[in-house]
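Written below as structure tokens is the structure these notes are about.
The values are calculated or read from the model by the stated rules, or taken from the named source; none is laboratory data. Keep in mind it's a predicted model, so treat the numbers as computed, not measured. Heads up, the Cβs are rebuilt from the backbone with ideal geometry, glycines too, and the neighbour counts pull from every protein chain shown. Calculation scope for accessible area: heavy atoms of the full protein, side chains included, ligands and nucleic acids excluded. Shrake-Rupley method; radii C 1.70, N 1.55, O 1.52, S 1.80 Å.
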Amino acid sequence: MTRRTLETLSFDNTYARLPQAFYARLNPTPFNAPPYPVHANRAAAELIDLDPAQLTRPEFTALFGGSALAPGMEPLAMLYSGHQFGVYVRQLGDGRAILLGEVKNDQGERWDLHLKGAGMTPFSRDGDGRAVLRSTIREYLCCTAMSGLGIPTTQALCLVGSDDKVYREQIETAAMLVRMAPSHVRFGTFETFYYRKQHDHLRTLADYVIAQHFPHLRDADDRYVRFFGEVVERTAKLIAQWQAVGWAHGVMNTDNMSILGLTLDYGPYGFMDDYDAGFICNHSDHNGRYAFNQQPYIGLWNLSCLAQALLSLADKDALKAGLDTYQPVFEREYLKLMRAKFGFIDERAEDDELIRDFLGLLQGSHADYTIALRELSTFSTADGATNEALREQFLNPDRFDEWAGRYRDRLRNERSYDDGRRDRMNRVNPKYVLRNYLAQTAIEKAQHKDFSEIDRLFTLLQDPFTDQPGMEAYALPPPNWGKHLAVSCSS
Ligand code: AMP
Ligand code: MG
């Protein structure tokens with residue numbers, strides 16, 4: 001593997017070669033106070049062939065704290081728009097982030113280096129262009145958590161702080177985060193040109209995205225419809241993974257929907273503690289538009305916005321047919337993931353009901369989703385087994401016993417062996433998730449310049465399925481203070 005320095009990173013800025021209407025060129029605005037390193041991600045550095053030894057150089061902090069540029073970077077703010085809480089907003093765009101450039105690694109993969117919190121841009125509207133340390137830590141850790149869980153996501157390369165003050169609900173300090181993804185194009189990027197009736201730009205954008213990310217479709221006559229079909233599939237599968245792990249995004253606006261089906265833009269997200277189908281993680285989402293159990297439907301709604309934006313490129317009925325594949329793909333994928341979480345190998349007609357009933361029991365008992373599913377792997381199918389540790393999670397033991405009887409019969413029916421099943425289930429039911437209160441603890445320490453908890457969580461969450469010695473406390477339910485922390489969009 002090539003080991004590059006900051007000075008020899010290999011850039012190939014394809015987005016900067018698109019028409020000028022797609023972005024605004026500008027450099028990051030440095031902090032006033034000197035930038036300081038908070039954390040850096042060696043695994044992400046390897047994706048761009050960057051020698052991990054570079055992560056500790058002062059030049060690294062200067063570069064990703066917005067006060068320097070590397071040779072080959074062509075910084076720009078991307079234009080996009082989107083539907084926010086169901087309402088179309090004509091112009092959003094990178095209001096506080098700057099695409100520094102695209103690194104091409106030795107395998108020919110391209111990675112956007114996107115600096116979040118880099119200062120005002122022509123798209124900042126009323127914002128100050130900054131991100132607070134709190135929100136960048138949340139994004140940094142959740143990218144790590146999602147990667148560890150095997151859920152498609154943008155990556156985070158590093159976090160750089162500063163003592164500059166930022167005014168939110170409280171006075172906080174600023175930070176910048178480098179986000180990496182093969183592309184930052186969103187559903188809302190397409191919507192911009194559709195609503196502006198700039199059909200040439202729309203075609204240019206679609207051809208660009210297809211050439212870069214769906215190259216197998218490049219020469220197909222029906223490439224736009226097939227491209228849309230693949231976005232539908234990726235999105236359905238992504239949201240099935242969110243549902244299976246009990247994670248809510250919180251702000252599923254179309255400008256936060258990745259055209260590559262990645263989890264994008266971490267704001268007031270949340271992993272569920274107590275199972276609650278109606279879980280609303282975003283404090284500002286008063287109507288629960290983005291509640292946990294609405295996410296599958298919102299995915300479809302957002303895809304219908306994308307379909308509309310593609311109307312000048314593709315036949316309406318064909319796009320509609322693409323949309324119609326969403327629900328079956330989602331359901332198949334969700335059931336597949338849940339079957340694995342319940343330890344089933346065969347597919348049986350009763351599985352859906354068995355799974356739903358278990359979730360219903362969790363909801364009625366305010367039981368912890370992650371803990372209950374992890375505990376389920378210890379289930380014994382032996383005669384007379386009471387499965388006490390699991391049973392304790394439920395308020396009504398009789399109802400649990402009734403369910404457990406059906407579960408045992410179902411497992412015996414496919415000749416499931418307890419030991420083998422436990423190992424299989426532990427590979428898909430995480431022991432550790434990024435509970436809000438864990439992130440909050442790391443944030444509060446970091447606000448006093450102690451980054452040890454970020455590092456601890458970063459290491460833990462990279463491997464969430466393995467019991468890690470000395471980390472038992474991180475697998476417990478939240479303490480009372482950490483149960484219903486308010487997290488909102490203001491970050
Ligand atoms: P988000 O809620 O983070 O997805 O942001 C929605 C839109 O608001 C995007 O266009 C952001 O770039 C913009 N935005 C959010 N916060 C700020 C800020 N502090 N300054 C400027 N623009 C912002
Ligand atoms: Mg956003």
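Assorted remarks:
- Measure of compaction for the chain (Cα Rg per 2.2 N^0.38 Å): 1.00
- FRET efficiency for the pair Glu402 and Arg456, taken as 1/(1 + (r/R0)^6) with r the Cβ-Cβ distance and R0 = 35 Å, rounds to 0.25.
- Within region 400-471, the trypsin sites (Lys or Arg not before Pro) that combine a DSSP coil assignment with at most 16 other C-beta atoms in a 10 angstrom radius are Arg415, Arg427, Lys449.
- Ranking His216, His199 by solvent-accessible area of protein heavy atoms (1.4 Å probe, all protein chains present), from largest to smallest, gives His216, His199.
- Taking only protein heavy atoms and a 1.4 Å probe, the accessible area of region 257-379 is 51% carbon and sulfur.
- All Cα pairs of region 188-336, percent lying beyond 21 Å: 45 percent
- Across region 188-336, the relative contact order, built from alpha-carbon pairs under 8 Å that are at least six residues apart, equals 31 percent.
- Separation of the alpha carbons by more than 22 angstrom is noted, of Lys445/Lys483; Lys316/Lys336; Lys237/Lys341; Lys104/Lys449; Lys237/Lys483; Lys320/Lys341, for Lys316/Lys336; Lys104/Lys449; Lys237/Lys483; Lys320/Lys341.
- The residues of region 133-224 present an accessible area of 34 Å² per residue when probed at 1.4 Å with all protein chains retained.
- By the combined test of axial Cα extent (at least 27 Å) and Kyte-Doolittle hydropathy (mean at least -1.0), the qualifying DSSP H helices of the chain come to 223-245.
- Extension gain for the segment Tyr167 to Ala220, taken as residue separation times 0.36 nm less the Cα-Cα distance, is 14.0 nm to one decimal.
- Accessible surface of region 11-184, 1.4 Å probe, proportion on carbon and sulfur as whole %: 50 percent
- The helix-based estimate of mean residue ellipticity at 222 nm for the chain, built from -39,500 (n - 2.57) per DSSP H run of four or more residues and divided by its residue count, is -12000 deg cm²/dmol to the nearest 500.
- Shape category assigned to region 11-184 from the gyration tensor of Cα positions, a/c cut at 1.5: rounded
- For GluC sites (Glu not before Pro), the sites in region 131-210 that DSSP calls loop and that have at most 11 other Cβ atoms within 10 Å are Glu169.
- Counting Cα-Cα pairs of region 1-112 in 5 Å increments starting at 0 gives whole-percent bin shares of 2, 11, 18, 20, 18, 14, 9, 5, 2, 0.
- Point-to-point label distance, Asp207-Glu109, nm (Cα→Cβ direction, 7 Å offset): 2.8 nm
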